Amino acid sequence: MGASQLGTCLTEADEDAIVAFLQSLTGEQPRIELPILPPRTNAAPLPKP
């Protein structure tokens, strides 16, 4: 991940620090609810590019 996103290799100490940080996170992940959209009809305008 470090090589593809940062263009550098992470040291093992960096990797251990990241793992320790991620394991320290607590709590519940927020729930994301998507809206229910109305069905499309012929009267509905098409999106403009």
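State yes or no: is E33 within 17 Å of the chain's Cα centre (by Cα) and charged (D, E, K, R)? Don't jump to the end; show me each part of the working.
Values: within 17 Å of the chain's Cα centre (by Cα): yes; charged (D, E, K, R): yes.
Taking the combined requirement at face value, the residue satisfies it.
Output the residues belonging to the chain that are assigned to a helix (DSSP H, G or I) and β-branched (V, I, T).
Scanning the chain gives I18, V19.
Looking only at the chain, which residues are among the β-branched types (V, I, T) and surrounded by 10 or more Cβ atoms within 10 Å (Cβ to Cβ)?
So the first thing to find is which residues in the chain are among the β-branched types (V, I, T), and the list is 8, 11, 18-19, 26, 32, 36, 41.
Result: T11, I18, V19.
For a quick check of your reading of the model, give me the residue pairs whose first member lies in the range 15-38 and is at positive phi, whose second is open to solvent by 100 Å² or more (accessible area, probe 1.4 Å) and at pLDDT 90 or above, with beta-carbon atoms closer than 9 Å and at least 6 apart or on different chains.
none
The values are calculated or read from the model by the stated rules, or taken from the named source; none is laboratory data. It should be emphasised that the depicted structure is a prediction, and the values quoted were computed from it without experimental measurement. As a convention, Cβ positions derive from the backbone with ideal geometry for all residues, glycine included, and neighbour counts pool all protein chains shown. For accessibility, only protein heavy atoms count, side chains too; no ligands or nucleic acids. Shrake-Rupley method; radii C 1.70, N 1.55, O 1.52, S 1.80 Å.
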